[in-house]
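Notes follow the structure.
The values are calculated or read from the model by the stated rules, or taken from the named source; none is laboratory data. If you're wondering where the values come from, they're calculated on a predicted model, not measured in any experiment. Virtual Cβ from ideal backbone geometry, glycine too; neighbours counted across all protein chains shown.
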Amino acid sequence: MKRNWNKWLEMLACFGVIATLSVVAGCKEDNPGDPNDGNEQELITKVILTLTENGMGRAITATFRDPDGVGGVNATVDTLKVKAGSAYTGAMALADESKNPPTDITAEIADEKDAHQFFNTPNGALAGRLTITITDKDSRNLPVGLAFTIAVTAGAPVTGSAANSVKVALSHYDPASTKNGTTPSSETDVEIDFPVNIAN
Amino acid sequence: MKTLSSSKLFLLWASLSFIAASHAGIWTAGKIRFKGRVFDAATKAPLPGATIFFPALQKGAVSNQNGEFNIDGLEKGTYKVACQFIGYTTIELTLSLSKDTEQNFNLKPKTLEGSEVTVTGERDPLKDAKQAVTVLSSEELDKMRGQTLGETLKEIPGVTTLQTGPSIAKPVIRGLHSQRILVLNAGVPQEGQQWGGEHAPEIDPFAPARIEVLKGAAGVEYGVGAIGGVIRIIPCELPASGIDGELTLNAFSNNRQGAGSLLFEGANLLFSGLGWRMQGSLRKAGDAHAPKFNLQNTGFEEGDYSGTLGFQKSRGGVQLIYSHFGTTLGIYRGAHIGNVSDLLHAIERGEPASNTDFTYDVKGPKQEISHNLLSLKADYHLGSLGKLEMQYGWQQNNRQEFDAHKPFSSEPPTAPSFDLTLTTYTADFSLRHAPVKNVFGKIGFTGMRQGNVQTGTILLIPNFRAYSGGAYLRESWTNGALTLEAGGRYDYRWIKAFILENRPEAEEKNVVNRLHEYRNLSGVAGLIYQFAPEWSIAANAGTAWRPPSLNELYSNGVHHGTAQFEIGNLNLQNERSFSLDATLRHVSARHRFELSAYDNRFDHFIYLYPEPEPTLTIRGAFPTFRYLQAEARLRGLEVSAARQINRFFNLGVTAALVRGNNLDDHAPLYQMPADRLRLHADFNLPKVSVFSEVHIEATATLVGKQKRFLPNADYADPPPGYVLSDLLFHTRIALGTLPVRLNFGVRNLFNVSYRDYLSRYRYFIDDAGRDFVLRLHIPVFTKFSEVHHETQLE
């Protein structure tokens with residue numbers, strides 16, 4: 001009986017040592033260490049609408065910013081201020097500010113203009129007051145939307161809000177052949193509601 | 001096969017009536033004495049409580065504390081005698097009794113242990129009326145080869161799947177899935193990337209194995225992963241002699257899938273006691289079809305292989321298994337959306353945005369997954385002490401997910417958007433002690449070390465390193481008709497997460513280490529009582545727990561395809577369950593009935609709670625969900641009944657109900673399976689022209705609409721209920737000298753358009769339509785091995 005016990009303890013010790021060593025020591029390959037930082041995704045964190053009133057030199061801007069990307073600190077959006085009865089020439093600029101230095105996304109969209117289109121929709125009290133017309137075209141002569149004009153009809157002032165806003169949506173077409181100039185894609189890269197004030 | 005099971009059935013019935021009879025003390029007198037002892041064949045220890053029984057005479061005895069038995073008053077003659085005991089393989093002998101006879105029985109332990117909570121599988125319930133085991137045998141699985149693990153398990157009442165298209169199915173047991181279900185592959189807890197509903201278990205559907213499902217918590221034996229249930233993939237035993245091989249070929253019409261598997265196994269190749277097996281499988285499928293449209297980019301390509309070496313001697317054995325699983329899975333293109341407006345448009349449209357043609361090409365979005373497993377198992381019989389078992393496992397899981405295209409471009413991505421490698425080492429050892437009087441038990445220790453490294457562009461979960469350890473003890477007492485069980489376990493888990501802090505104002509990004517520690521106890525108590533011949537009841541009460549998983553702690557981002565912003569919660573505590581479970585069973589020659597009821601209460605149940613304010617992002621506002629904890633309760637019923645009408649014809653029905661409630665919010669839990677009813681009829685004919693063993697099976701599955709949901713918390717209400725019909729024709733034919741098994745079936749016979757509530761694509765597309773399936777099993781060496789067997793017998 002005693003011999004049995006010794007043998008048993010020997011076996012147990014053997015298994016124990018093997019198991020413990022292999023689990024605790026293991027290999028070094030799986031060392032998690034620091035997360036890889038060199039392969040980050042491209043984001044859009046900033047969209048700037050720039051409007052120049054026709055015949056006037058001064059530019060007005062409204063900016064959407066979400067500098068840390070999705071999540072974290074909440075995004076901010078400016079109200080765009082226009083005058084009733086005026087006409088503007090506009091430009092859209094996009095950037096990734098989560099990188100250092102920030103990346104200009106406008107050029108990337110311009111390069112891939114055949115696969116993108118902006119859709120700008122005035123909502124609430126702005127419907128019928130703003131006419132937004134895209135002026136730049138892609139290789140198939142379909143609208144893109146980095147350049148546009150805005151015409152504001154004369155009338156009562158409007159205070160910009162979540163309801164009284166222009167929805168700016170950037171559709172991404174994959175494949176590019178699915179772009180037809182009128183239908184938004186099933187994959188949206190940007191969707192922002194810019195509140196708009198109309199002053200007299 | 002049929003005769004064998006009915007003889008077993010008779011034996012069971014007979015031994016039960018014997019137990020009843022022995023209590024009543026009805027005996028007839030004779031002259032001959034039959035005596036002997038019963039031993040555990042493995043440990044050589046005497047076995048008390050075993051039944052020795054002469055079915056023809058309705059006579060028997062139960063072995064005493066020294067394993068001795070004694071049956072007096074037998075008449076001369078030739079009889080069958082059976083020796084059986086819970087957890088051991090029954091021995092049947094034919095004896096000629098002319099004088100007092102002494103006979104010892106060495107019972108072999110069954111390789112599987114009974115567990116506290118159990119299911120009895122659908123078709124093979126006869127052998128385990130008392131003990132809770134069984135499920136889908138290798139032969140039953142053959143009828144479903146080529147389908148995913150999840151699909152295969154759907155037949156069991158109480159098991160459903162969380163489906164992401166035709167190729168990804170995650171098993172859901174009694175309403176619980178993912179981190180609450182443990183998959184045990186060849187004895188090693190499968191450690192894959194379980195962070196999302198679209199991450200399915202990495203298991204070769206052709207692996208030569210038996211599958212067991214334990215419904216409900218099994219935390220004492222299996223630790224913190226097993227709060228909702230356990231799926232055990234148990235490799236078939238290695239052959240003891242000869243050489244054998246099998247070729248399996250499958251064809252599926254719906255996604256034009258072709259699949260094949262080749263297996264060779266044998267024994268005593270180099271020296272006696274050495275068994276080996278090699279197996280490999282390939283599957284390739286293109287786009288699946290719903291009745292009305294093509295499901296773009298839902299194809300897949302999978303290649304798996306495994307090798308096993310085993311050495312067995314009388315006192316112990318060693319087994320080495322290596323397996324590789326590798327797959328490339330397409331993700332339905334239309335589920336790759338940008339924002340909530342896109343999702344709402346897709347729901348409104350009700351079908352894909354554009355028609356596409358069938359293709360085998362898998363493009364982005366896609367997943368590339370590999371899983372490698374190395375398992376080394378050893379057991380050793382320590383004589384009167386019991387049996388020592390040790391298992392060591394190494395696993396490496398790599399998951400790469402690719403987007404549809406580079407950002408703002410039509411180019412396919414050059415690098416995966418996330419790439420995770422999870423490496424896990426596990427060690428278990430346990431001692432199953434020799435019975436002490438009528439008490440059996442097991443003491444065990446487990447340890448695990450894990451590391452996760454990621455190199456993608458999206459931080460799905462942080463890198464982490466984890467250690468865990470546990471110790472458990474389980475004991476059971478039995479006197480034949482009544483078995484009582486109790487057990488307890490302690491677990492400890494240590495996790496260090498390496499978090500990349502995203503602060504744009506900082507020049508360099510900071511890596512912060514955060515340490516989490518979790519420890520707690522699990523416990524279980526249960527009984528199985530054979531209260532009448534053919535009737536038994538099993539009841540169980542237990543408590544189990546699990547620590548929050550990394551994604552529940554650290555998620556922070558939009559889930560593609562569901563357009564939800566999910567936020568982790570660092571303050572999550574351990575989730576704990578208190579479960580009550582009872583099963584009533586009836587097994588007789590022509591009837592089978594099983595009713596299970598359960599009531600699981602959870603403290604700190606982890607779930608996603610919709611935040612009142614959406615998250616504003618550059619892609620618009622996303623509904624936001626945060627991981628919170630609440631008291632929850634999941635209750636349910638499962639019924640299964642079967643009746644043999646005559647020799648040729650069987651009828652059966654199964655049904656399952658689950659009710660999940662968040663007790664703090666007085667609201668239904670999200671994503672609970674809808675009520676299900678399954679009816680089946682099968683016809684068995686011995687021989688029809690060249691076809692032998694003809695088996696025809698018709699099944700109808702009725703799934704209700706989930707009416708219990710939180711209004712306005714989801715984009716679309718649960719889809720309506722549906723009825724699916726399947727037909728299966730199974731037979732054996734001679735192909736030259738080879739006995740080929742042929743299996744032809746139709747799934748979704750009436751090509752019904754439907755969406756399951758637990759399908760992650762239900763917002764976008766219907767589930768797959770009609771599918772014709774052909775399966776062939778061709779033994780390669782049958783003749784050869786027969787010859788081999790004969791020489792061995794000589």
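For A:ASP174, the test of being within 10 Å of another protein chain (Cβ to nearest Cβ), touching a residue at least 24 places away in the same chain (Cβ under 8 Å), of a type in the set (Asp, Glu) and in a loop (DSSP other than H, G, I, E, B) is passed.
Selection of segment B:360-375 for residues being crowded, with 19+ Cβ neighbours inside 10 Å and either in a strand (DSSP E or B) or not aliphatic (A, V, I, L, M) (or both) yields B:GLY364, B:PRO365, B:LYS366, B:GLN367, B:ILE369, B:HIS371, B:LEU373, B:SER375. What number of residues within segment B:403-412 are more than 8 Å from chain A (Cβ to nearest Cβ) and surrounded by 19 or more Cβ atoms within 10 Å (Cβ to Cβ)? Residues that pass the stated criteria total 1. Here A:LYS137 meets the list (1) exposed (fewer than 15 other Cβ atoms within 10 Å of the Cβ); (2) among the basic types (Lys, Arg); (3) within 14 Å of another protein chain (Cβ to nearest Cβ) almost entirely, failing just condition (3).
When segment A:64-94 is filtered for residues that are under 18 Å from the mean Cα position of the chain (by Cα) and either over 24 Å from B:PHE622 (Cα atoms) or more than 11 Å from chain B (Cβ to nearest Cβ) (or both), the ones remaining, listed by number, are A:ASP78, A:ALA91, A:MET92, A:ALA93.
Just to be sure before I move on: is B:GLN671 at pLDDT below 95 and either among the hydrophobic types (A, V, I, L, M, F, W, C) or on the phi > 0 side of the Ramachandran plot (or both) in the structure I sent? Spelling it out, B:GLN671 is indeed at pLDDT below 95 and either among the hydrophobic types (A, V, I, L, M, F, W, C) or on the phi > 0 side of the Ramachandran plot (or both). Evaluating A:GLY57 against the criteria (1) within 14 Å of another protein chain (Cβ to nearest Cβ); (2) in a loop (DSSP other than H, G, I, E, B) leaves one unmet condition, (1).
The residues in segment B:507-549 that are surrounded by fewer than 15 Cβ atoms within 10 Å (Cβ to Cβ), of a type in the set (D, E, K, R) and more than 14 Å from chain A (Cβ to nearest Cβ) can be counted, and the count is 1. Filtering segment B:393-402 to residues that are within 9 Å of another protein chain (Cβ to nearest Cβ) and either under 12 Å from B:SER430 (Cα atoms) or more than 22 Å from the chain's Cα centre (by Cα) (or both) leaves nothing. If you check B:GLY652 against the conditions, is it assigned by TED's automatic domain parsing to the domain that holds B:ASN513, in contact with a Leu (Cβ under 6 Å, 6 or more places away or on another chain) and either part of a strand (DSSP E or B) or under 30 Å from A:SER171 (Cα atoms) (or both)? Answer is no for this residue.
Of all residues in segment B:611-632, those that are assigned to a strand (DSSP E or B) and surrounded by 17 or more Cβ atoms within 10 Å (Cβ to Cβ) total 13. The lone criterion from (1) under 20 Å from the mean Cα position of the chain (by Cα); (2) surrounded by fewer than 21 Cβ atoms within 10 Å (Cβ to Cβ); (3) more than 7 Å from chain B (Cβ to nearest Cβ) left unmet by A:SER161 is number (1).
Quick one: in segment B:358-392, which of the residues that are hydroxyl-bearing (Ser, Thr, Tyr) and either free of Cβ contacts under 8 Å to residues at least 24 places away in the same chain or away from every other protein chain (no Cβ under 11 Å) (or both) is farthest from B:ALA335 (Cα to Cα)? Result: B:SER375. Within segment A:90-105, residues that are over 15 Å from A:PHE64 (Cβ atoms) reach partners that are among the hydrophobic types (A, V, I, L, M, F, W, C) and buried (at least 18 other Cβ atoms within 10 Å of the Cβ) with beta carbons closer than 6 Å, at six or more positions or on different chains, in the pairs A:ASP104/A:ALA95.
For segment B:327-343, the criterion of a residue being closer than 30 Å to B:GLY187 by Cβ and buried (at least 23 other Cβ atoms within 10 Å of the Cβ) is satisfied by at least one position.
Residue-level analysis places B:ASN254 among those that are assigned by TED's automatic domain parsing to the domain that holds B:GLU301, in contact (Cβ under 8 Å) with a residue 12 or more places away in the chain, under 21 Å from B:GLU151 (Cβ atoms) and buried (at least 21 other Cβ atoms within 10 Å of the Cβ). Listed by first and then second residue, the pairs linking a residue in segment B:414-438 that is free of Cβ contacts under 8 Å to residues at least 40 places away in the same chain to a residue that is basic (Lys, Arg), with Cβ atoms under 6 Å apart and 6 or more places separating them unless they lie on different chains, are B:TYR425/B:ARG449. Quick check on B:ALA734: is it among the hydrophobic types (A, V, I, L, M, F, W, C), assigned to a loop (DSSP other than H, G, I, E, B) and in contact with a strand residue (DSSP E or B) (Cβ under 9 Å, 6 or more places away or on another chain)? Spelling it out, it is not the case that B:ALA734 is among the hydrophobic types (A, V, I, L, M, F, W, C), assigned to a loop (DSSP other than H, G, I, E, B) and in contact with a strand residue (DSSP E or B) (Cβ under 9 Å, 6 or more places away or on another chain). Only one entry in B:ALA466, B:ALA471, B:ALA486 is facing chain A (nearest Cβ under 10 Å), of a type in the set (A, V, I, L, M) and part of a strand (DSSP E or B), namely B:ALA466. The residues of segment B:753-770 that are assigned to a loop (DSSP other than H, G, I, E, B), among the hydroxyl-bearing types (Ser, Thr, Tyr) and touching a strand residue (DSSP E or B) at 6+ places or on another chain (Cβ under 6 Å) amount to a single one, B:TYR754. Is it fair to say B:ASN355 is modelled with pLDDT of 85 or more, part of a loop (DSSP other than H, G, I, E, B) and more than 11 Å from chain A (Cβ to nearest Cβ)? Spelling it out, B:ASN355 is indeed modelled with pLDDT of 85 or more, part of a loop (DSSP other than H, G, I, E, B) and more than 11 Å from chain A (Cβ to nearest Cβ). Considering each of B:ARG635, B:ARG647 in turn, give the residue that is surrounded by fewer than 18 Cβ atoms within 10 Å (Cβ to Cβ), modelled with pLDDT of 90 or more and touching a strand residue (DSSP E or B) at 6+ places or on another chain (Cβ under 9 Å). Of the residues listed, the single one that is surrounded by fewer than 18 Cβ atoms within 10 Å (Cβ to Cβ), modelled with pLDDT of 90 or more and touching a strand residue (DSSP E or B) at 6+ places or on another chain (Cβ under 9 Å) is B:ARG635.
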